[in-house]
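Reviewing the structure listed below.
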Amino acid sequence: MTKVKRRRQRVTYGKVVKDKMEKTVVVAVTRFVPHPLYGKVVRLVSTLKAHDEKNESKIGDRVKIVETRPLSKDKHWRVAEVIERGEKSQQA
């Protein structure tokens, strides 16, 4: 029996910026990196599409997303949990 070496899942946190699709949300992930030449810390924002099976995430929510197998052309993440509800989620 051979042991299969599995890659560790990457985990990141972000804010939901779009939720109009079925079972998919767009999450903005912010990172701070130093500029290679000048050293100033620069904010970089990446937008990732994440699978949300129950459609429970709304715009403004802070979510934890984990990397998964490719679910579509550009959807490689899934929502693990909603950490904090945004203002729009609390009103509805």
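The values are calculated or read from the model by the stated rules, or taken from the named source; none is laboratory data. Values in this document were obtained by computation on a predicted structure and should not be read as measured data. A quick note on method: Cβ atoms are made from the backbone with ideal geometry, for glycine too, and the neighbour counts reach across all protein chains shown. In case anyone asks, the SASA skips ligands and DNA or RNA and just uses the protein heavy atoms, side chains included. Shrake-Rupley method; radii C 1.70, N 1.55, O 1.52, S 1.80 Å.
Please indicate, with yes or no, whether at least one residue in the range 9-20 is surrounded by 10 or more Cβ atoms within 10 Å (Cβ to Cβ), touching a residue at least 60 places away in the same chain (Cβ under 8 Å) and either in contact with a Gly (Cβ under 6 Å, 6 or more places away or on another chain) or of a type in the set (Phe, Trp, Tyr) (or both). Yes: one or more hits. Evaluated against (1) part of a loop (DSSP other than H, G, I, E, B); (2) open to solvent by less than 100 Å² (accessible area, probe 1.4 Å), Thr30 falls short on exactly one condition, (1). With respect to the conditions (1) modelled with pLDDT under 95; (2) exposed (fewer than 13 other Cβ atoms within 10 Å of the Cβ); (3) of a type outside the set (Lys, Arg), Glu56 falls short on a single one, namely (2).
Residues of the range 43-80 that are in a strand (DSSP E or B), over 16 Å from Asp19 (Cβ atoms) and either touching a helix residue (DSSP H, G or I) at 6+ places or on another chain (Cβ under 8 Å) or not basic (Lys, Arg) (or both): Leu44, Val45, Ser46, Val66, Glu67, His76, Ala80.
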